[in-house]
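Structure first, then comments.
The values are calculated or read from the model by the stated rules, or taken from the named source; none is laboratory data. Everything numeric here is computed off the predicted structure, so don't read it as measured data. A quick note on method: Cβ atoms are made from the backbone with ideal geometry, for glycine too, and the neighbour counts reach across all protein chains shown. These accessible areas exclude ligands, DNA and RNA; they are computed on the full protein's heavy atoms, side chains included. Shrake-Rupley method; radii C 1.70, N 1.55, O 1.52, S 1.80 Å.
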Amino acid sequence: MEIPEIKPSIENTVCLSGDEVLSTLRDLLSSPNVRGVYAKIFGKDEKESYLIEVLTDKSRLLAIEATYVQKKVKKSGEEAIRKLAELADIPLIVTAYALDDQTFKLVLASNIDVYSRTPAVPLAEVFRRKAKETIGEAITEAKEEKEEEIKQIIKKTEEIKEEKGAKKPEVKEEVILNIKGKNNTEIPENLRRKVEDALMDYVRIVKTDIASNIPGAQLKSVKIEGEVGEGTLSMVGEFYIVAESGDPEIMKRKGLFLLHKHVPKIGRPTNLKPIIRDFKVNVVVGEEIASMEAREREDVTLWRLTRPPTTQLAPNLYLTVDPKFKQYFVGFAKTLLKEIEGDGVLVDKLEIEVFGGVREFEINIYLEGKSKDIDEPRLQARILSIAKRHASELTKIVGKYVWINRVNVTLTRPLEQELSAKAAEILKKKEEIEREVEKMLKEAGIEELGYLLEDKKKEMERTLITSRINSAVQDLKQRMQDELKAIPRANLRWLKVNYETNGNIIEVLIEASLAKLEEEGLFGALVSVSDDEIKRRATEMITRILRDVSRDHQVQIRIKKLNILVR
């Protein structure tokens with residue numbers, strides 16, 4: 001057991017029986033400043049030596065751990081209690097520490113695992129004469145009491161939860177406007193009324209828009225503080241949107257989007273340029289409150305003027321980010337590199353720039369590399385899909401919107417040229433060897449083996465064609481899987497590709513299932529596409545891939561059956 005460094009109240013006291021141990025502990029517990037006692041009890045029988053540590057309050061054993069010295073094993077809970085009861089009839093050596101309230105709580109918290117396994121048996125039952133005969137009943141009763149205690153705690157907790165759940169946040173329906181001049185100076189009354197009227201019209205428009213665009217929600221409370229400057233109106237606002245049900249995250253983003261959308265309307269009647277200094281949206285769904293804030297983005301402008309340091313995370317990986325946010329984006333950068341290389345791309349340089357930090361992060365990705373299987377547009381779409389997925393996860397972690405602004409891909413294809421040159425060289429050598437073998441056979445007068453050579457040629461051709469077909473089909477499957485995954489606002493559920501050979505022609509039977517997604521755009525606007533549009537994109541992709549694979553592998557591929565399902 002773990003205890004802080006404190007001096008023992010009694011040390012190495014010999015007690016001839018359990019009764020004397022109990023008396024010694026009670027003497028310490030009788031002090032008004034003592035909340036409990038921690039004790040080390042040493043005993044020995046014919047089999048083993050034992051060091052037993054106990055923590056008690058005024059009347060009960062709360063935690064116990066027994067160390068078997070020779071075996072070097074530890075027991076706790078019920079087994080340790082039974083062993084202590086067996087030792088209660090022989091002489092024991094006791095060292096005890098009196099604990100005040102604060103130290104007692106600290107020791108209990110440090111040994112909570114031992115405490116949770118120990119039935120709270122009364123001290124008198126453990127240290128009485130012949131305790132080993134009656135300790136079983138005491139343990140059973142203590143377990144029942146502990147279970148009952150736990151039930152009462154759970155019941156009380158549920159009651160508190162119900163009470164809390166019954167108390168829904170109260171939001172008053174109100175509009176509070178506070179208009180002042182720069183440095184709290186007074187402004188002309190007619191200008192104040194003009195600004196207030198414009199803000200009231202703004203609130204009415206936003207209320208209507210929220211009610212029509214966010215089902216079941218209404219803008220209930222508005223508080224705006226405006227500062228009139230030289231041709232400007234700077235605003236700080238807090239808004240409460242109330243709904244009985246729905247997704248608070250979507251409501252926050254939609255609400256903030258609608259609040260921004262109508263801000264320009266304030267400037268028309270007032271001839272002042274409206275500037276948002278700080279808008280905070282609180283969404284109340286049932287009894288839950290969720291908040292989102294939008295501030296002025298002057299620090300993003302500063303970001304672009306004063307580029308933060310670039311860190312080299314790997315020989316081909318660079319991350320440009322403010323050092324105070326670096327910890328969030330190192331993992332993002334390394335994961336992105338790993339997944340791109342996993343798609344067969346040789347990455348010469350991957351640079352990731354991260355801008356922002358007030359309410360959002362903007363990410364730009366620049367890649368230079370080589371690939372023999374994928375072109376720039378497809379790789380760009382693939383990287384965008386991977387980065388968006390990880391950006392969504394980062395948004396939840398950092399609590400700020402993370403989005404992908406730009407993906408630039410520059411690819412060269414020397415690998416394919418080198419591979420083609422190597423293949424041509426091998427085929428040329430093969431032909432030379434075949435001619436040399438034929439010449440040697442003729443010179444040796446072994447014309448009758450010519451037919452064997454001819455059969456061997458045909459067999460080699462069949463093997464070569466089969467190998468080429470298998471390679472083409474595997475490449476076709478992989479490319480289709482990668483491309484279909486990259487279709488915007490759709491998710492590939494499954495893909496089946498079967499084929500039949502008709503001479504040198506490959507006839508493919510393709511079935512694909514795609515799930516249509518509604519993605520949340522900036523400020524919560526939902527974006528989706530029709531089933532026909534997804535089918536059209538998928539068909540175009542598959543047709544293009546067939547042409548590319550057919551050209552790359554020098555085989556003829558045609559579609560025998562194509563079935564695309566969208567759900």
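Tabulated values for the structure
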item: Largest-first ordering by accessible area, 1.4 Å probe, given options Met440, Met251; result: Met440, Met251
item: Proximal charge balance of Lys7 [Cβ under 14 Å; K/R count +1, D/E count -1]; result: -2
item: Local net charge near Val549, Cβ-Cβ under 9 Å (Lys/Arg +1, Asp/Glu -1); result: 0
item: ³J(HN,Hα), Karplus 6.51/-1.76/1.60, whole Hz, each residue of the range 116-129, x for Gly, Pro; result: 5, 9, 10, x, 7, 7, x, 4, 4, 6, 7, 9, 6, 5
item: Tail weight of P(r) past 13 Å, computed on alpha-carbon pairs of the range 216-272, percent; result: 68
item: Per-residue HN-Hα couplings for the range 77-90 [Karplus 6.51, -1.76, 1.60; θ = phi - 60°; Hz; x = Gly/Pro]; result: x, 4, 5, 5, 4, 4, 5, 5, 5, 5, 8, 5, 9, 10
item: Cα principal axis extents for the range 1-155, largest first, Å; result: 48, 33, 29
item: The range 219-266 - accessible surface per residue (Å², probe 1.4 Å); result: 40
item: Shape of the range 65-137, Cα gyration tensor, a/c cut at 1.5; result: prolate
item: Amide H within-cut-off set for Lys273, under 5 Å, with H built and near neighbours excluded; result: Thr232, Leu233
item: Residues with amide H under 5 Å from that of Arg35, placed H, sequence gap 5 or more; result: Leu99, Asp100, Asp101
item: Charge dipole (the range 1-112, unit charges on Cβ, about Cα centre) - positive-most of Gly18, Ala63, Gly43; result: Ala63
item: Per-residue HN-Hα couplings for the range 333-345 [Karplus 6.51, -1.76, 1.60; θ = phi - 60°; Hz; x = Gly/Pro]; result: 5, 5, 5, 4, 4, 4, 6, 5, 5, x, 8, x, 9
item: Peptides ranked, highest mean first, by Cβ atoms within 10 Å: ranges 70-76, 274-280, 176-182, 52-58; result: 52-58, 274-280, 176-182, 70-76
item: Which listed pairs, of Lys324/Lys485; Lys349/Lys372; Lys334/Lys396; Lys105/Lys132; Lys47/Lys72; Lys338/Lys561, have C-alpha distances above 25 Å, in listed order; result: Lys324/Lys485; Lys105/Lys132; Lys338/Lys561
item: 5 angstrom amide H check on Gly356, placed H, neighbours 5+ away; result: Glu362
